[in-house]
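Accompanying notes for the structure given below.
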Amino acid sequence: MNKQILPPIGLALLLAGCGGGGDNATATSQLSLTLSDAPVDGAKQVCIAISALRLKAETDPDDHIWQPLDLLATGDDDGCLPTGYQIPLDDNGEPRFLYLDLLHYQNGLGHALLSGETIPSGHYAQLRLMVEDGRSHVLDGPTADFPSSYVVDESDTVLPLEVPSSEVKLHGFSAAADAVLSYQLEFNLRHAMVLPGHGQYYKLKPNGVRLLDATTLASLTGQVDDSLCDGDLNQAGVYLYPARDGSELAYLGMAQDTSSGGPSLTTLLTPASDSEAAHYRLDYIEPGSYDLQLVCNAATDAVPEEGESDNFVPVLGAGKLDLSLSGGSLTVDFTP
């Protein structure tokens, strides 16, 4: 398995710059891209079938495209390829996609999709990760209905993963001449993956996937005193909110965007053991000012289907903590 441990400020993987724009058409940059995931509850595997990576220059009508064999693969298909099945081949006889199990790349772990790729310097309008929609794409094998992108839930049921338009769209960036760019493609599945009411497949919502500058990221860790939340931390989690700065916004649940009172990042607590208190970890936090809250009923929070109302109101277990982050690692404990 091809894993890499990322330091709190992010792993400076070389991601070669993809051209477009600029006065010097021969100038190049380096670009690295690492994929990671924030912890999610309720799943044993989240396997995504990556069919390409596309980078769109602002002044070039053609995308710069990395096919599956151009990307850095995982070992043994990350355990995603079931026995007796094969990854289908494209018209050129090459694998149609590569596999990643997002649950392998949590808590500071990441997988490098690109490392030291050289691209023309310039301005890029959009980065797109092409991921097969598991409702309409299947594996080759003994049955004709095993989805290419899928989720294995806690009861070992396999359900397709819907990826609208088979792509995840991300913002662009600028690549100065001779720049070394390091980006993190972060799947925050607790915010991004939902199970619609019909229960037939999971859905990946694009607002839970972010493209981050890995050189600026911070991490937060800490312990939580077992007397908080009335002595019951089984449902508790830690939520990171943008600093209120005098705003009267309430601290709301994950279904609300940050401008309406929702959190930027969330995580459930890791339960206490004989040797360690209950604790939390939040990774890949962008620079900024934040409020950190202990939420006693976090396990009941969820992102609803589109169009549903959100009635979740966090039960806060400790006063907010004001933080200013600009990289590095910080330990913040919750105490009475």
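What follows draws every value from the coordinates through simple rules; no lab data is involved. Just so it is clear, the model here is predicted, and its values are computed rather than measured. Heads up, the Cβs are rebuilt from the backbone with ideal geometry, glycines too, and the neighbour counts pull from every protein chain shown.
So what's the back-of-envelope 222 nm ellipticity for the chain, counting only DSSP H runs of four-plus at -39500 (n - 2.57) apiece and dividing by all residues, rounded to 500? Intermediate results must be reported in sequence, preceding the final value.
Numbers: 1 runs with 4 residues, N = 336.
Here the helix-only value at 222 nm equals 0 deg cm²/dmol.
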- Message: I'd like the Karplus ³J(HN,Hα) series for region 29-46: coefficients 6.51, -1.76, 1.60, θ = phi - 60°, whole numbers in Hz, and an x wherever there's a Gly or Pro.
- Response: 9, 10, 10, 10, 9, 10, 9, 8, 9, 7, x, 10, 9, x, 9, 9, 9, 10
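What ranking, highest mean first, results for peptides 249-259, 278-288 when packing means the other Cβ atoms within 10 Å averaged over each residue? Write down the numbers at each step before the final one.
Details: 249-259: 16.5, 278-288: 20.0.
Answer by packing, highest mean first, reads 278-288, 249-259.
Considering every Cα-Cα pair within region 160-245, what fraction, in whole percent, is farther apart than 20 Å? Each step should come with its number before you reach the end.
Numbers: 2182 of 3655 pairs.
Percent of Cα pairs beyond 20 Å in region 160-245: 60.
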- Lys pairs under 27 Å by Cα in the chain, provided they are eight or more residues apart or on distinct chains: 12
- Computed over the Cα atoms of region 214-336, the Rg and Dmax in Å are 14.2, 44
- Message: So if I place +1 on the C-beta of Lys and Arg and -1 on the C-beta of Asp and Glu, and nothing else carries charge, what would the dipole magnitude of the chain be about its Cα centre? I want it in debye, nearest 20.
- Response: 360 debye
- Name the residues whose placed amide hydrogens come within less than 5 Å of the amide hydrogen of Asp140, ignoring near sequence neighbours (fewer than 5 apart) on the same chain. Gln86
- Place the peptides 140-146, 215-221 in order of packing, highest mean first, counting for every residue the other Cβ atoms within 10 Å and averaging per peptide. 215-221, 140-146
- Write down the Kirkwood hydrodynamic radius of region 96-248, to one decimal in angstroms, obtained as one divided by the mean of 1/r over all alpha carbon pairs. 18.9 Å
- Give or take rounding to whole Å, what are the principal axis extents of the alpha carbon atoms in region 111-184, in descending order? 50, 23, 23
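When the expected Rg is taken as 2.2 N^0.38 Å, what fraction or multiple of it is the alpha-carbon Rg of the chain?
Here the answer is 1.03, to two decimals.
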- With the dipole of region 4-216 worked out from charges on the C-beta (+1 for Lys and Arg, -1 for Asp and Glu) around the Cα centre, which of Pro142, Asn207, Leu185 lies farthest toward the positive end? Asn207
- Task: Under a 10 Å cutoff between Cα atoms, tell me which one of Pro160, Pro263, Pro304 has the largest fluctuation in the Gaussian network model of the chain.
- Result: Pro304
- Note on the structure: Checking Ile65, Ile50, Ile119 against a Gaussian network model of the chain (alpha-carbon springs below 10 Å), the top fluctuating residue turns out to be Ile65
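By the scheme Lys and Arg +1, Asp and Glu -1, what is the net charge of all other residues having a beta-carbon under 10 Å from that of Val138?
On the way: positive: Arg135; negative: Glu132, Asp140, Asp145.
Charge balance in the 10 Å sphere: -2.
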- Task: Enumerate the calculated ³J(HN,Hα) couplings along region 256-267 in order (Karplus 6.51 cos²θ - 1.76 cosθ + 1.60, θ = phi - 60°), each rounded to whole Hz, writing x wherever the residue is Gly or Pro.
- Result: 8, 6, 5, 5, 9, x, x, x, 7, 9, 9, 7
